[in-house]
Every structure is written in structure tokens, then in C-alpha cells.
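Heads up: the structure comes next, in C-alpha cells.
Here, each number is a calculation from the coordinates, and none is a lab measurement. Fair warning: this is a prediction, and the values are worked out from it, not measured in the lab. For neighbour counting, all protein chains shown are included, and Cβ atoms are generated from backbone atoms with ideal geometry for every residue, glycine included.
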Amino acid sequence: MPPLSGLLIPRHQLPAHSPLPGGLLLPALRHLVHAAADPRPRLAALLCQTHGADQALLLASGTQCLAVALRRAAAATGSAAVALPAFTCFDVATAAVAADLRIALYDVDPVTLGPDLESLRRTLQAGVRIAVVAPLYGMPVDWDSVVDSTAATAPYLIEDAAQGHGATWAGRPLGSFGAAAVLSFARGKGWTGGSGGALLVRDRSGDGASLTSRGAGLAAEVAVFLRAAGQSWLSDPMWYGIPAGLPWLGLGETRYREPRPTRPMTRVAAELLLRSREPALREAETRRARARALNARNPAAEHSRPLRPPAGGTPGALRLPLRLSRGMAGFPDQRLARRLGVAAGYPSTLAELPAVRRRLLPGQHRWVGADALVRELVTLPMHSLVEPGDTEALVGLLRTYCG
Ligand SMILES: Cc1ncc(COP(=O)(O)O)c(C=O)c1O
């Protein structure tokens, strides 16, 4: 018999899942009254060790970390513009706006989901000295190729590994490359503390620790605790239909958000991250195994176009990306697809955001790869809450796909 929730709300699968067992909340509660040592220095030290960084700056979100990385890069290079991928999370644009930089866009290779190297090179040759490279859905980027192909201009490379949890390239976790790298610990990023982000610095130029030691304030600590508790309790396909059905939460939607002031990570988030690290690593292993199994079955073969991780890279399968000829529109029953955790990629290129247009440098304004990804990309859930019956339903759904 289905549990009571199943009778009242239809089961709704999460597109991505970050384990946050309820038992971890109690120890985090102590930080509301500062009844335990500040966990943030321990988290910063751990990230420096695992990702080979000199300093780690812990802030309230990945977007804020990227904005700080961009400000530092602008100060180091004297550049007032940044090259961004044309197809990526809109928060990347938010960070460039927060750093008050002009924007040049480069195309994304629809086969690797990494930079179109020729387009990136051309963009940098026009005089831009900072570039953000953002691996998508845990698909690693061949970092050596990026460095080699941009050697002539030697830009300041920022690796935005917000979606990189569980993925490696050349045997190292994503976030280990670039003069600066960004991690996100938001809800759908594989490893969560309710929210939060880390800026990992390898350029030895700065003042990384200064914000970490600042208090986040009781209101911020309580807000993150409540958010984490909500995520922990509602991250169950039996209950997820409730928040997913509330339009003002905008779950599963990509919206442009205005920049917010820079805030330190809360102690609550840091404690949760330290305690959920092992479950998150196990979860990533599950995702990778499931992605291998599903790729081997290739149920939408006739409608899918190839995606290829680089040699030496292991995708983290945060969500399994597929390129289907008509994207979400090809599913005869799109509501059912969404209930099974299928999600669309980004609804437009960054070029279509008014906030980006106002800052766009003159030059090439066609992004063929990015446009293809807007049309075609969908993702499937690979996490441990996907049950065998869900997988069969997904496979069945892909077999009915209309290309
Ligand atoms: C590529 C990328 N960069 C940055 C961010 C921003 O991270 P946060 O949600 O922690 O602000 C995201 C979040 O979705 C992302 O996908």
C-alpha cells in the first residue's frame, strides 16, 4: 500500500539529489548558539587538501564565490571583461554582473559540453584576459586542451565546478584546475550544506581567509538551518511533489537572479558539509554506476546525438545529460517526464538575458553549439532515490520519444 503521502500527492522524482540525513541536523543545531568550535576552518583546510588549493574562501553561495573570483581576476589582469560560455547556468552571468565586468561569450561544444576551443581562442584574441570554464552536469572538461589552446593569450582561467561533484579529470576532482575554482553546495549539487560555496585559490595573490572567520549572524544561521531541514525532509519522491508544485519556489526553473551582497558561509552549513561528505561521496559512486548502466542500454538511441567525455575524465552524473533531437518537446507526456525527474537544460543562451546584452562586447554573436544545446539537452536523474521501477519507467518513456 502506498504511504499516505502517495494517496494525496503524486510521486515526484528529484532531478538531482544531495544526501542530507535528518540525523545530521541535531549536531548542526549547536552552532545556532555557538556551543561548538567554528567548523569553517576545518572545512576550508579539507577542501584545500582534496582540491590542491592554497586558500579556500567559504561564502554563502557559489554565485558569490564566482563574483569574488572575477573581482580578483580583474584586479590581477587589469581586464574589465570576462569570457563566459554561451550555454551555462544563469548564475554565471549574475556573478559577472556582480563583478561589474563587460561580457564576451564563447560557444560550447555540444559533443563534450566543454568550451568550443576555437571560439574560446577567438574570443580571447579580441583582448579579453579572463575566462570562466564551467563543466556542465558533472561532465569533465579536458583542462590541458583549454590551457594549450589559450596559451597565446594566457588568460586568467576560472574553473566554475559548481556542478562537478563526483567527477574527476586526470584523476583529480573537478575544482582542482584553474587559477581559481568555485564549488557550490546548493540543494541540487550533490554535496550540500543547505547552501554555500567555496572559492579555491591557487594564485597566491590574496586574502582568502578573511571572510571565513567572520560570523554569519544568527538570522543567517537559522535561515540555513531551516532550509537544510526542509531539504532533508522534502528530498523524498513521496514528498517532493509539494515544493515542486509551488510556483513561487520556482524549483526546476532557470531564472536570472540579481546579484546579492557577499556573505560568509554559515557555521551550520559548514558543519552539515563536514558530516554529509561521506554520504555524498557514496551517492556519487551510485550515480556513476547507474549512468554507466543506462548509457549501455541507450534506450533513445535513434533520437539521441552523441555526448563524449574527454579521455581521462570520469563524469559525476550529477544529472545524466542526453541530447535528444527535440529536447523535452519530444516526450509525448511531458508532465510524466517531469514527474520521473527528467529536466530540461537551460531555456536560452546567456546572450538572451537582458542583463548580459547590456554588457556584451561587440563581435561574434552566433553560438551554434549553445543554440543546439538549448534545443536538445535534457537530463535524467541517476541518484539513489531512483528505484528500479523508476528506471524502467524512464527507459519506457525514452522508447516513446518522438524525434
Ligand atoms: C555552473 C554554475 N555556476 C554557479 C552556480 C551558482 O551556485 P549557487 O547556487 O551556489 O549560487 C551554479 C548553480 O546552479 C551553476 O550551475
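Overview of results
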quantity: Net +/- balance of residues flanking residue 176 in space, Cβ distance below 10 Å, scoring K and R +1, D and E -1; calculated: +1
quantity: Extreme residue, positive dipole direction of the range 117-179, given options 162, 131, 149 (C-beta unit charges); calculated: 131
quantity: For the range 24-121: relative contact order, % (alpha-carbon pairs under 8 angstrom, 6 or more apart); calculated: 18
quantity: The chain: antiparallel DSSP beta bridges as a percent of all, rounded to 5; calculated: 60
quantity: Options 344, 391, 310, ranked by Cα towards positive dipole end of the chain, top entry (Cβ charges); calculated: 344
quantity: The range 229-370: proportion of alpha-carbon pairs further apart than 20 angstrom, %; calculated: 68
quantity: The chain: most fluctuating residue of 164, 23, 341 per GNM, C-alpha cutoff 10 Å; calculated: 23
quantity: Residue order, fewest to most beta carbons within 10 Å, for 352, 283, 271; calculated: 352, 283, 271
quantity: Fluctuation leader among 235, 119, 145 - the chain, Gaussian network, Cα springs under 10 angstrom; calculated: 145
quantity: Calculated over the chain: convex hull of Cα atoms, volume per residue (Å³); calculated: 132
quantity: Size of the range 69-134 as Cα extents on the principal axes (Å, biggest first); calculated: 34, 25, 14
quantity: Packing-based ranking, highest mean first, of 187-194, 322-329 given that Cβ atoms within 10 Å are counted; calculated: 187-194, 322-329
quantity: Relative contact order, percent, the chain [alpha-carbon distance under 8 Å, six or more residues apart]; calculated: 26
quantity: For the range 13-21, Karplus couplings with θ = phi - 60° (6.51, -1.76, 1.60), whole Hz, Gly/Pro x; calculated: 7, 7, x, 9, 9, 10, x, 9, x
quantity: Relative contact order for the range 148-188, counting Cα pairs under 8 Å that sit 6 or more residues apart, in percent; calculated: 42
